[in-house]
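The values are calculated or read from the model by the stated rules, or taken from the named source; none is laboratory data. Being a predicted model, the structure only gives us computed values, none of them experimental. Glycine gets a Cβ as well: all are built from the backbone with ideal geometry, and neighbour counts include every protein chain shown.
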Amino acid sequence: MSEVLQKYLPEHAVQPVFELIKANHVHLKIVNERVTRHGDYRKDAQGYHLITVNANLNKYRFMITLIHEIAHLVAFEKYGRFIKPHGDEWKLTFQHLMIPFIRPEIFPNQLLPLIARHFKNPKASSDTDATLSLALKQYDEKESDKSYIFEIPYGSHFRIHNGKVFRKIALRVKRYECMEIASGRLYLFQPNAEVEVVPS
């Protein structure tokens, strides 16, 4: 398992993450990309702790996602199955598990302050922290035909992963209001959503 983890994690995180996996009896499965989530945790009928993480994540996002899912397991075991999935108990557990990894041997210097800030009050997804998410995306293998919504001009038409086409209209607080061309309905997008610009 530790040989597999070397492919997906920062070098100095491999051994301590492997120890976490062993200590919590995690059955880790690295899976093909799912658009809707980076990872998940469930306990199966036999009582096994199953965690899946997308194989396409860069090593820093992979690590945060894996610790996020282990935090679900640990919080449920410690506080019971009836806690909120991303409530205070999970946040506390996630912080506790993540703090030992927030150091320069593991994360690049430009990410450290953003990660430290994020973990003062971790969100259900690191994607909702636009500053951290954009910083993490710098380490992705970026698809050349994709742009971030915040980069494209107002009035531009773009396509998302499911083929639907939208027009970028306005900024509403932290998210962009966009109209679906086919239905005329309005949707809000995170600034770091990856889209494909299409002719209008």
Worksheet item: Is it the case that the range 6-14 has a residue that's farther than 24 Å from L111 by Cα and at pLDDT 95 or above?
Response: no
Discussion item. Suppose we filter K142, K120 for residues that are modelled with pLDDT under 90, loosely packed, with under 13 Cβ neighbours inside 10 Å and either of a type in the set (A, V, I, L, M) or assigned to a loop (DSSP other than H, G, I, E, B) (or both); which single one remains?
Written reply: K142
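Of a type in the set (A, V, I, L, M), under 19 Å from H68 (Cα atoms), under 19 Å from the mean Cα position of the chain (by Cα) and not in a loop (DSSP other than H, G, I, E, B), is that true of I115?
Yes, satisfied.
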Item to complete: Take the range 157-174 and flag every residue that is assigned to a strand (DSSP E or B) and over 11 Å from F189 (Cβ atoms).
Response: H157, R159, V165, R167, A170
Discussion item. Tell me the residue from F166, F94, F101, F189 that is out of contact with any Leu (no Cβ under 9 Å at 6 or more places or on another chain), aromatic (F, W, Y), more than 30 Å from N24 (Cβ to Cβ) and at pLDDT 95 or above, please.
Written reply: F166
Discussion item. For the list (1) outside any helix (DSSP H, G or I); (2) out of contact with any Phe, Trp or Tyr (no Cβ under 7 Å at 6 or more places or on another chain); (3) modelled with pLDDT under 90, I need the number of the one condition that Y154 fails.
Written reply: (3)
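Looking only at the range 168-200, count every residue that is basic (K, R) and under 26 Å from D140 (Cα atoms) and tell me the total.
So the count comes out to 3.
Quick one: which of L186, L112 is in contact with an Asp or Glu (Cβ under 8 Å, 6 or more places away or on another chain), of a type in the set (A, V, I, L, M, F, W, C), surrounded by 12 or more Cβ atoms within 10 Å (Cβ to Cβ) and at negative phi? Break it down stepwise before answering.
Numbers: L112 fails: in contact with an Asp or Glu (Cβ under 8 Å, 6 or more places away or on another chain).
Only one candidate qualifies: L186.
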Worksheet item: What pairs come up if the first residue lies in the range 68-90 and is over 16 Å from D40 (Cβ atoms), the second is outside any loop (DSSP other than H, G, I, E, B) and among the aliphatic types (A, V, I, L, M), and their beta carbons are under 7 Å apart, counting only those six or more places apart or on different chains?
Response: I83/A75; E89/A75
Worksheet entry | Residue, farthest from the chain's Cα centre (by Cα), within the range 28-66, restricted to residues that are exposed (fewer than 12 other Cβ atoms within 10 Å of the Cβ) and aliphatic (A, V, I, L, M) | A45
Worksheet entry | Residue pairs meeting the criteria (Cβ under 6 Å; at least 6 apart or on separate chains; first free of Cβ contacts under 8 Å to residues at least 40 places away in the same chain, in the range 33-62; second in a loop (DSSP other than H, G, I, E, B) and buried (at least 21 other Cβ atoms within 10 Å of the Cβ)) | N54/H38
Worksheet item: Just for the range 31-54: of the residues that are out of contact with any strand residue (DSSP E or B) (no Cβ under 6 Å at 6 or more places or on another chain) and of a type in the set (A, V, I, L, M, F, W, C), which one is farthest from R81 (Cα to Cα)?
Response: V35
Worksheet entry | Complete set of residues in the range 167-183 that are loosely packed, with under 15 Cβ neighbours inside 10 Å and closer than 13 Å to A130 by Cβ | L171, V173, K174
